[in-house]
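Read the structure below first, then the notes.
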Amino acid sequence: EAAEKGGFEHFMIKEIFEQPKAIRDTLSCRVADDGKSVKFDELNWSPEDVNSIGKIMITACGTAYHAGLLAKYFIEKLARIPVEVDIASEYRYRDPLTDSKTLCIIISQSGETIDTLAALKEAKRRGARSLAITNVVGSSISREADQVVYTWAGPEIAVASTKAYTTQLVALLLLALYMGRLNGQLSAEKETEILQDLQKVPEQCQYIFDHADDVKQLAEKFKNKEDVFFIGRSMDYGLAMEGALKLKEISYIHAEAYAGGELKHGTLALIVDGVPVIALATQRDVEEKMISNIKEVKARNAQVVGVVQDDDTEVAKTVDYIIKIPKSDNFVMPVMTVIPLQLLAYYAAVVRGNDVDKPRNLAKSVTVE
Ligand code: G6P
């Protein structure tokens, strides 16, 4: 096992550091030779294939569900197709509105999660077309779906998913770009702009790794806290949910994610002296609104960590600690922004002496209901 960990103390940290390669592998086979447009040889869709989609239904569990939440932003903004995202165990039992005009996108690292597989079967039974995004070739879900887009993350051993999630985001963003171009909602220039920023990510990750020690210090500072809150708006809200899940899963610290605008509707009651708040503020179009939310929690003496694009000056003025993410397009930011959240969960679990790769009560793949 030590050999498999390649010199790292745990699989999770090894897998966090493998993300540049995993992202590159998922991306490179889907970029046309000129580097300017997306191609999916495994799909080979025509404009008509995309135009015939009335709505998209995304179903998944756990971290894969969180990737689906971001995919809603990607697809609705770039391809203007309505997207619903549902937890697989809810979808399968709620008599869902799914028909032959629905494209059902199933996301699953393992391709074996029982609820996700059942949701796929249910969608097919109702006449939907299906597309699986999975990391395991030949898995049950890959065999059941009409079409498959593989994430090339390589084997993921740690129970807490890291590189599978970032490669799911990459695959879903590529898919949104592909659909947007095919149905004419997205200009070639915008597609190229986003794609070029995405191609820089594997290299840009190094900056985050170079600053991993700053995140470690935060984990040490917060190790005895009982609650941590994650807030964000737009795509940062979806990411906040993933950040909170990661922290809960392995550090066992209670964590909750809130949309910045929802603070006033409940969570603010829990913000008292010294409570850590991780404020994700990488989305430029809602930055001002996030700054107001940060001020709301600062006024209650929360200890705020701002996560921002590296040229930010405004958020830094209002927070206690700052984590910088290399600048990129809004759609690309989540792929990098999640990495310090993974590191925070990892280091918090390590300092608390937990079994990082095998957290209590959890399994890598849930194949029974
Ligand atoms: C388990 C794992 C999670 C994972 C979820 C869905 O709960 O611990 O890390 O996100 O299952 O798994 P899947 O293989 O379908 O992505």
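Taken together, the values in this text are just the output of simple stated rules run on the coordinates, not laboratory data. Quick caveat: nothing in here was measured; it's all calculated off a predicted structure. Reconstructed Cβ throughout: ideal geometry from the backbone, glycine too, with neighbour counts over all protein chains shown.
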Of the numbered conditions (1) over 30 Å from Val38 (Cβ atoms); (2) over 15 Å from the mean Cα position of the chain (by Cα), Ala244 satisfies every one except a single condition; which is it? (2)
Mind listing whichever residues of the range 24-59 are of a type outside the set (Lys, Arg), touching a Ser or Thr at 6+ places or on another chain (Cβ under 6 Å) and either under 30 Å from Pro96 (Cα atoms) or more than 16 Å from the ligand (Cβ to nearest atom) (or both)? Met57
Return only the number of the condition from (1) part of a helix (DSSP H, G or I); (2) crowded, with 18+ Cβ neighbours inside 10 Å that Gln196 does not satisfy. (2)
Options His10, His66: the member that is surrounded by 18 or more Cβ atoms within 10 Å (Cβ to Cβ), closer than 29 Å to Ser130 by Cβ and either among the basic types (Lys, Arg) or touching a helix residue (DSSP H, G or I) at 6+ places or on another chain (Cβ under 8 Å) (or both): His66
For the range 137-174, how many residues meet the condition of being in contact with a Ser or Thr (Cβ under 6 Å, 6 or more places away or on another chain) and either among the basic types (Lys, Arg) or outside any strand (DSSP E or B) (or both)? 13
If a residue has to be within 15 Å of the ligand (Cβ to nearest atom), in a loop (DSSP other than H, G, I, E, B) and of a type outside the set (Lys, Arg) to count, how many in the range 324-369 make the cut? 13
Checked against (1) part of a loop (DSSP other than H, G, I, E, B); (2) more than 14 Å from the ligand (Cβ to nearest atom), Ser110 satisfies every condition except (2)
The range 75-107, subset assigned to a helix (DSSP H, G or I) and within 16 Å of the ligand (Cβ to nearest atom), residue nearest to the chain's Cα centre (by Cα): Ala88
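Quick grid of which residues meet (1) touching a strand residue (DSSP E or B) at 6+ places or on another chain (Cβ under 8 Å); (2) within 20 Å of Leu362 (Cβ to Cβ):
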{"site": "Gly35", "(1), (2)": "no, no"}
{"site": "Glu42", "(1), (2)": "yes, no"}
{"site": "Ala60", "(1), (2)": "yes, yes"}
{"site": "Ala64", "(1), (2)": "yes, yes"}
{"site": "Ile75", "(1), (2)": "yes, no"}
{"site": "Leu97", "(1), (2)": "no, no"}
{"site": "Gln109", "(1), (2)": "yes, yes"}
{"site": "Arg125", "(1), (2)": "no, no"}
Condition test on Ala132, is it farther than 21 Å from Glu84 by Cα, among the hydrophobic types (A, V, I, L, M, F, W, C) and crowded, with 24+ Cβ neighbours inside 10 Å? no
